[in-house]
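Please read the structure below before turning to the comments.
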Amino acid sequence: MGLTDFSLEVWAVNSAGKAPSSWTRCRTGPAPPEGLKAPKFHAVSATQAVVNISTPQKPNGIVTLYRLFSRSTSGAQTVLAEGLATQQTLHSLQPFTTYSIGVEACTCFNCCSQGPTAELRTPPAPPAGLSSPQIQMLASRTASFQWSPPLSPNGVIQSYELQLYKACPPDSATPCTPSQTETKYRGPGQRASLEGLQPYTTYKLRVVAHNEVGSTATEWISFVTQKELPQYRAPFSVDSNLSVVCVNWSNSFLLNGRLKEFILTDGGQRLYSGLDTTLYIPRTADKTFFFQVICITEEGSAKTPLIQYDTSTGFGLVLTTPGEKKGSRSKSTEFYSELWFIVLMAVLGLILLAIFLSLILQRKIHKEPYIRERPPLVPLPKRRSPLNVYPPGETHVGLADTKIPRSGTPVSIRSNRSLSVLRIPSQSHGSQTYSQGSLHRSVSQLMDIQDKKVLIDDSLWETIMGHDSGLYVDEEDLMNAIKGFSSVTKEHTTFTDTHL
């Protein structure tokens, strides 16, 4: 027994007898306590508990230390608290966790003993350690998200919530009010898809986890949906007074993308281009306007209907339906407006032009000479008249100067003046032929005869034709001879079978 007072007496005994010594007092040292009981708990919360420790039935000394420990299922022990007090508080407990708590009492450094353990179950607490959701898919009007369970559920997770609200763009120059927070998903799953979003809009999102006693939420994360073509929403308003005409199109479009500019036209003529949504036009006289607003973004454009506004009556009339949308994303229907298509067509045009020019040049270079369809014509012999008006010894041919008597009248020469007439060679000169040059000269002299007819008077003809010299030329024979020379010249100068 530890720490106990004793009185000792020693006896000496032999064969003759015995003799006692005087009494001596002594005390034993401390020993491990005995009779420890399990601790008792009260005021238990999710993270702490108050523990009452009972003193050992046999302390075997002075208890100098009480130690509270937790024993796991594997047998490992963790000290939770220690001290001299028999009532101690356990801190930093995990919510919704079961502990095996025991007491260890010590009377000296090596004089310790442990008692039985008691089970301690902490109540649940709100979840903790929930991470932010991750974006899985993001489009212009839909998105999907995924998240992980909280690191410390602190109970049974009953459901998750996905909360969303529309935020103001970070670069917004106009005043903006965020929308109310909406719960887009509630359930036990860890994945959710959102629909009905607006294109090119900034949203903020968070996840809330719920268990039986509370909930926890992540930090807000922001995301921006994809862009789309702008959309016409409502007609713009036009108002006027005595001095100005006010056009307001602030509610006419859904931009669905980054705005480049607004264009206001009147009858096709541009009045304004910029980022403002209101324009004041000075009013100088009554006029009928034909207003139209065009919205241009990075993705395309959209038009309002054409509105006719008469300043004298203050009445506006919608003339057309809302304008069509044009966008750079509609490449399948308007590919011809793309740069790559224009360049491709230009290259193909140049190639075709080069091929066409090369064919023309090749045909010109390798063109075969012209082939006559028949042999060239052989010059025909000169026609001869049956008239023999010259002596056999006459050497003149063709046209010469001679005197022409009238029918049945001998020829006589009375003066130096003479008339150029046609001499018909005799048959004795049949072997002679006329060249083409002599024929031309003959025809020219014949034409000169007609020009000089005005120079010949009637008396000369009477004198010439009044004498009979034996040279008789009939007028009909003379005309036949002239026609014969003309036909010979024509046949030698005209080729109907060639291009000459």
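Descriptive notes on the structure:
- Net lengthening on full extension, ALA76/GLN57 (0.36 nm per residue, minus Cα-Cα): 4.2 nm
- The charge dipole of segment 1-123, taken about its Cα centre with unit charges on the Cβ of Lys, Arg, Asp and Glu (plus for the first two, minus for the last two), comes to roughly 100 debye.
- Percent RCO, i.e. relative contact order, over segment 6-54, from Cα pairs under 8 Å lying at least 6 residues apart: 26
- 10 Å binning of all Cα-Cα separations within segment 231-327, expressed as whole percents from 0 upward: 17, 52, 25, 6
- Around TYR200: net Lys/Arg minus Asp/Glu count, Cβ-Cβ under 11 Å: 0
- Computed over segment 1-121, relative contact order equals 26 percent, with contacts defined as Cα pairs under 8 Å that lie 6+ residues apart.
- Once both labels are positioned 7 Å from their Cα atoms along Cα-to-Cβ, the gap between PHE109 and THR278 label points is 8.9 nm.
- Zone of THR181's modelled label, taken as backbone nitrogen in segment 209-245 under 15 Å from a point 7 Å along Cα→Cβ: 209-210, 215-222
- Packing order of peptides 225-237, 13-25, highest average first: 225-237, 13-25 (average count of other Cβ atoms within 10 Å over each peptide's residues).
- Potential lengthening between ASP310 and LEU353 on full extension [0.36 nm per residue; Cα-Cα distance subtracted]: 10.0 nm
- Label-point separation in nm, CYS26 to GLN231, each point 7 Å along Cα→Cβ: 10.2
- As a rough footprinting exposure proxy, the listed residues TRP11, TRP147 were ranked by other beta carbons within 10 Å of their own, and the order from fewest upward is TRP11, TRP147.
- Take the Cα of LEU361, step 7 Å toward its Cβ, do the same at ALA118, and the gap between the two points is 11.1 nm.
- With a cut-off of 11 Å between beta carbons, the residues surrounding PRO178 carry a summed charge of +2, where Lys and Arg count +1 and Asp and Glu -1.
- Sequence-separation-based contact order of segment 81-128, relative, with Cα cut under 8 Å and 6+ spacing, percent: 37
- Over 32 Å between alpha carbons, listed pairs LYS18/LYS58; LYS227/LYS287; LYS184/LYS227: LYS18/LYS58; LYS227/LYS287
Quick note: the coordinates plus some simple rules give every number you see, no bench work behind them. What you are looking at is a predicted structure, and each value in this text was computed from that prediction instead of being measured. For neighbour counting, all protein chains shown are included, and Cβ atoms are generated from backbone atoms with ideal geometry for every residue, glycine included.
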